[in-house]
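Only one structure is covered here, and it is reproduced in the block below.
Every number in this text was worked out from the coordinates using simple rules, so none of it is lab data. Please read these numbers as outputs of a predicted model, since none were measured by experiment. Neighbour counts run over all protein chains shown; Cβ positions are idealised from the backbone, glycine included.
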Amino acid sequence: MKRQSSLIKLLVMAMTLTALFVATSKQAVAQEKSLYERLGGIFAIAAVVDHFSDAVVQNPIVGKTSKNPALREWHTKNLGRLPGLKFQRTLWVAQVSGGPFKFQATKPGKTDLGLEEAHRNLKISPEEFDEVAAELARSLDFAKVPAKEKGEVLAAFAAHKGEVTAGFKGKM
């Protein structure tokens, strides 16, 4: 009887340890690092945003020689605002990717991360948006961001295409 009681106690202890191990393993899987952490945090994000922002200015389709007069003007006459824009873009990416920072729009959209009002006067076409997305992809490649994270960043960016192109009304 004593032997059977000891065996039952060992069995219960083994089952408890197994359950604890399974629960801990599931918790570890559930606590995958955020995109923000996987990108390398605020300094890595700021480096990509810096490269991206400078590349957009030079981009012939959406930058200082763009056929879109609003984009051309912004990228030639408003470059004094570029450092602030880089800061805002960095905050936006940090928040979208799950970081501890809070983006506050200078021209609030319909949501905390809405971009429609900040871009409305630029009259950005869907094609121009796609070129900016391509520039972002090139900047992510430049920074050697892994494919999974690159895809997640581009998906987060693409999710706001309707907002960014809200001011576009057809041919310019």
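Could you give each residue of the range 116-130 its phi-based ³J(HN,Hα) in whole Hz, using Karplus coefficients 6.51, -1.76, 1.60 with θ = phi - 60°, and x for Gly or Pro?
Karplus-based 3J(HN,Hα) across the range 116-130 equals 5, 6, 5, 10, 3, 6, 7, 6, 6, 7, x, 5, 5, 4, 4 Hz.
Compute for the range 20-172: radius of gyration divided by Kirkwood radius, i.e. Rg/Rh, restricted to C-alpha atoms, rounded to two decimals.
On the way: Rg = 17.0 Å, Rh = 16.5 Å.
Result: Rg/Rh = 1.03.
Please give the FRET efficiency for Phe87 paired with Leu154, using the beta carbon to beta carbon distance and R0 = 22 Å, rounded to the nearest 0.05.
So the FRET efficiency works out to roughly 0.55.
Calculate, in nm to one decimal, what Phe101 and Lys169 gain on full extension: separation in residues at 0.36 nm each, minus their alpha carbon distance.
Values: separation 68, 0.36 × 68 = 24.48 nm, distance 3.39 nm.
Answer, rounded to one decimal: 21.1 nm.
Taking 31 Å as the cut-off for C-alpha to C-alpha distance, list the pairs among Lys33/Lys169; Lys64/Lys107; Lys77/Lys169; Lys86/Lys123; Lys144/Lys169 that go past it.
Violating the 31 Å Cα-Cα cut-off are Lys33/Lys169; Lys144/Lys169.
Which whole-Hz ³J(HN,Hα) couplings does the range 52-59 yield from phi under the Karplus relation 6.51 cos²θ - 1.76 cosθ + 1.60, θ = phi - 60°, glycine and proline marked x?
4, 4, 5, 5, 5, 4, 7, 5
Restrict the search to the range 63-121; then list the trypsin sites (Lys or Arg not before Pro) that DSSP places in a loop and that have at most 12 other Cβ atoms within 10 Å of their Cβ.
In loop regions of the range 63-121 (DSSP not H, G, I, E or B), the sparsely surrounded trypsin sites (Lys or Arg not before Pro) are Lys67, Lys102, Lys110.
I want the local charge near Ala133. Using Cβ-Cβ distances under 14 Å, sum +1 for each Lys or Arg and -1 for each Asp or Glu among the other residues.
So the environment of Ala133 carries a net charge of -4.
Determine the sum of side-chain charges near Glu149: Lys and Arg each +1, Asp and Glu each -1, restricted to other residues whose C-beta is under 13 angstrom from that of Glu149.
Computed value for this residue: +1.
Full extension from Thr76 to Phe142: what is 0.36 nm times the residue separation minus their Cα-Cα distance, to one decimal in nm?
Residue separation times 0.36 nm, minus the Cα-Cα distance, leaves 21.3 nm.
Give, in nm to one decimal, the length gained when the segment between Ala44 and Ala134 is fully stretched (0.36 nm per residue of separation minus the Cα-Cα distance). Each step should come with its number before you reach the end.
Values: separation 90, 0.36 × 90 = 32.40 nm, distance 1.91 nm.
Extra length from Ala44 to Ala134 when fully extended: 30.5 nm.
Please give the net charge around Asn59, taking every other residue with its beta carbon less than 13 angstrom from that of Asn59, where Lys and Arg add +1 and Asp and Glu add -1.
Around Asn59, the surrounding residues sum to -2.
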